[in-house]
Amino acid sequence: MTPIRSATPDEIPAVGRLIAQSFDHLPQNRSLVPDENDRLPVMTEFFTFLTGSAPASGRVDVIEDAAGGLAATAVWFDRTREMPEIDAYEQRLSALTGRWLPHFEALDEVFEKHHPEEPHWHLAFLAVHPDHQGAGLGSALMQHTHERIDVPAYLEATNEDNIRLYERHGYTRMSPFDIRLPDDTPFFRMWRP
């Protein structure tokens, strides 16, 4: 396996694209951008935007594939300290998401309402390119960070397969476990002590 390393600033758009491609089949992405013609471009911009703020307040780790592209990534935010504000967040989010802005505002509201207050590291995105899934890359990325932090970790899982993966890495189901978007699409809150 290629070593895990920090993403370079120039790689952030490729990381955003990787996350969007890896998550494209998920009902959560379909809920945020129901139009399949808009979904991949909007979600790529959205994930690139959020990932771009991670190096200043967390970490963006990547694993390359054999051709030198990106096979997998983990985007973490250090919530043990005050999170810096993202400049002009609302205006930039509006410009990136267009007519789907209300869906992203609802996502922000649900996540903010249910985010734990205890200091922790937040695994915002764990993405493995569809061509590389099942090879242990996601596990390797999680273990890489778990070995370097001595505080709890938190995440929002998207489905039963992910829940099982996270449980194998010491995450447990929180209460409430599932949190829902206005259209009833769920996310699942998990905590690693």
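The values are calculated or read from the model by the stated rules, or taken from the named source; none is laboratory data. Quick caveat: nothing in here was measured; it's all calculated off a predicted structure. We place every Cβ from the backbone using ideal geometry, glycine too, and count neighbours over all the protein chains shown. All accessible areas refer to the heavy atoms of the entire protein, side chains included, with ligands and DNA or RNA removed. Shrake-Rupley method; radii C 1.70, N 1.55, O 1.52, S 1.80 Å.
Roughly what % of DSSP beta bridges within the stretch 20-154 run antiparallel, to the nearest 5? So the antiparallel bridges amount to about 90 percent of the total. Surface exposure of the chain, expressed per residue as accessible area with a 1.4 Å probe, stands at 50 Å². About the centre of its Cα atoms, the chain shows a dipole size close to 420 debye [charges on the beta carbon of Lys, Arg (+1) and Asp, Glu (-1) only; nearest 20 debye].
Compute the separation of the alpha-carbon centres of the stretch 124-158 and the stretch 1-50 and state it in Å as a whole number. Here the two parts' Cα centres lie 15 Å apart. Along the stretch 86-93 the Karplus relation, 6.51 cos²θ - 1.76 cosθ + 1.60 evaluated at θ = phi - 60°, assigns HN-Hα couplings of 8, 3, 6, 3, 4, 5, 5, 4 Hz to successive residues, with x for each Gly and Pro. With r defined as the distance between the Cβ atoms of S57 and D183 and R0 fixed at 45 Å, what FRET efficiency is calculated, to the nearest 0.05? Plugging the Cβ-Cβ distance into 1/(1 + (r/R0)^6) gives 0.90. Subtracting the Cα-Cα distance of H115 and R81 from their residue separation scaled by 0.36 nm leaves 10.8 nm. Distance between the modelled labels on E147 and L26, one decimal in nanometres: 2.6 nm (7 Å Cα→Cβ projection).
To put it simply, the accessible area of the chain at a 1.4 Å probe is 49 percent carbon and sulfur. P(r) tail for the stretch 4-43: Cα pairs beyond 14 Å make up 48% of the total. Rounded to the nearest 20, the size of the Cβ-charge dipole of the stretch 1-85 about its Cα centre is 240 debye, with Lys and Arg at +1 and Asp and Glu at -1.
Note on the stretch 1-73: Kirkwood radius taken over Cα pairs, Stokes-Einstein applied at 4 °C and 1.567 mPa s, translational D equal to 102 µm² s⁻¹.
With θ taken as phi - 60° and the Karplus curve 6.51 cos²θ - 1.76 cosθ + 1.60 applied, the whole-hertz 3J(HN,Hα) list for the stretch 161-173 is 4, 5, 4, 4, 4, 5, 4, 5, 9, x, 7, 10, 6 Hz, x standing for glycine and proline. Think of the chain as having a plus end and a minus end, set by charges on the Cβ of Lys, Arg, Asp and Glu; of G69, H144, H129, H144 sits farthest toward the positive end of this dipole. Choose one answer from N37, N162, N29: the residue with the largest mean-square fluctuation in a GNM of the chain with alpha-carbon springs under 10 Å. In this elastic network of the chain, the residue with the biggest mean-square fluctuation among N37, N162, N29 is N37. For the stretch 123-174, the Kirkwood estimate of the hydrodynamic radius, built from every pair of different alpha carbons, is 11.8 Å. From its DSSP helices (H runs of at least four residues, each -39,500 (n - 2.57)), the chain gives a residue-normalised ellipticity at 222 nm of -12500 deg cm²/dmol. Here is the P(r) of the chain: all C-alpha pair distances, binned every 10 Å from 0, give 9, 37, 41, 13, 0 in whole percents.
Overall, the ratio between the Cα radius of gyration of the stretch 31-85 and 2.2 N^0.38 Å, rounded to two decimals, is 1.39.
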